[in-house]
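Undergrad: Structure incoming, see below.
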Amino acid sequence: MNDTIQEADSFTIVPTLPDESIDVTLTDPPYPNGMKLFENTITDGYAMLYYACRKTKNFIVFFWAPTNIPTPPRGWYEVARHVWHKPDGKSINTYEVIVVWSKNYKRLTSRVWSIPILDYRSLKDWKPHPTQKPVKLLRYLLDLYTNPSDLVLDPFAGTGTTAVACKQTGRHYIAIESNPDYAAICKERLNDTKKNSTEEEPLEASADPEPSSKRRGTRANKE
């Protein structure tokens, strides 16, 4: 199942995973938004975040609207809340938050990234999905919260940006997408993706002067 796109409902796949078998869950779940997207699956977004806590050892990292942000379940803590500013965003809110939950109650640095949805390097990678994320941003998040060879779960894979970033940076992934059209795009993008692709900026381009082991904080203390 690792390093594959599962075309299925995430609630049929995630329950089969052993508890604490995933290093990090990194996903963009359906959530309440002004564009009225994914209204039929918004409840799934809330539910899967909590369910993923049973399967994940280290961090739950997820995109959300600036309001109505879920609170972590018992035994988990919100340790960071980043802001992704979208200079080319067309909606009323030109930013999203990226929430980080951890079992370790230790606050981590929160950041603001201003990264366009599309730029001259990523135009060819654009796919017909209303909330596609830039690969660069997912690479930054992987750098902060994972180590090479970690296993990353994305139960709402969309067009596969998390999986693409994992493949580029030497992480393993389980990506699940129920929409067959989006799942097909995931597979196409992964077939076109080379590990350690030079088309994206290297991980250390995150403009963070601290070494990666120190940035991860709780991960470094555990390992």
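The values are calculated or read from the model by the stated rules, or taken from the named source; none is laboratory data. Quick caveat, the model's predicted, so the values are computed rather than measured. Heads up, the Cβs are rebuilt from the backbone with ideal geometry, glycines too, and the neighbour counts pull from every protein chain shown.
Undergrad: Inside the stretch 136-191, can you point out the residues that are small (G, A, S) and either farther than 23 Å from P116 by Cβ or free of Cβ contacts under 8 Å to residues at least 12 places away in the same chain (or both)?
TA: Within the stretch 136-191, S149, G170, A175, S178, A183, A184 meet the criteria.
Undergrad: Is there a residue being outside any strand (DSSP E or B), farther than 21 Å from P116 by Cβ and modelled with pLDDT of 95 or more anywhere in the stretch 78-90?
TA: There is no residue in the stretch 78-90 that is outside any strand (DSSP E or B), farther than 21 Å from P116 by Cβ and modelled with pLDDT of 95 or more.
Undergrad: Considering only the stretch 133-173, state which residues are closer than 26 Å to D44 by Cα and among the acidic types (D, E).
TA: Residues satisfying the conditions are D150, D154.
Each row is one residue, and each column tells you yes or no for (1) at pLDDT 95 or above; (2) within 23 Å of N2 (Cβ to Cβ); (3) part of a loop (DSSP other than H, G, I, E, B).
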position	(1), (2), (3)
K124	no, no, no
P128	no, no, yes
T131	no, no, yes
P148	yes, yes, yes
V152	yes, yes, no
Y173	yes, yes, no
E199	no, no, yes
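Undergrad: What number of residues within the stretch 50-67 satisfy the criterion of being within 20 Å of R107 (Cα to Cα) and either surrounded by 18 or more Cβ atoms within 10 Å (Cβ to Cβ) or among the β-branched types (V, I, T) (or both)?
TA: 9
Undergrad: Just to be sure, is T12 outside any loop (DSSP other than H, G, I, E, B), at pLDDT below 90 and not aromatic (F, W, Y)?
TA: no
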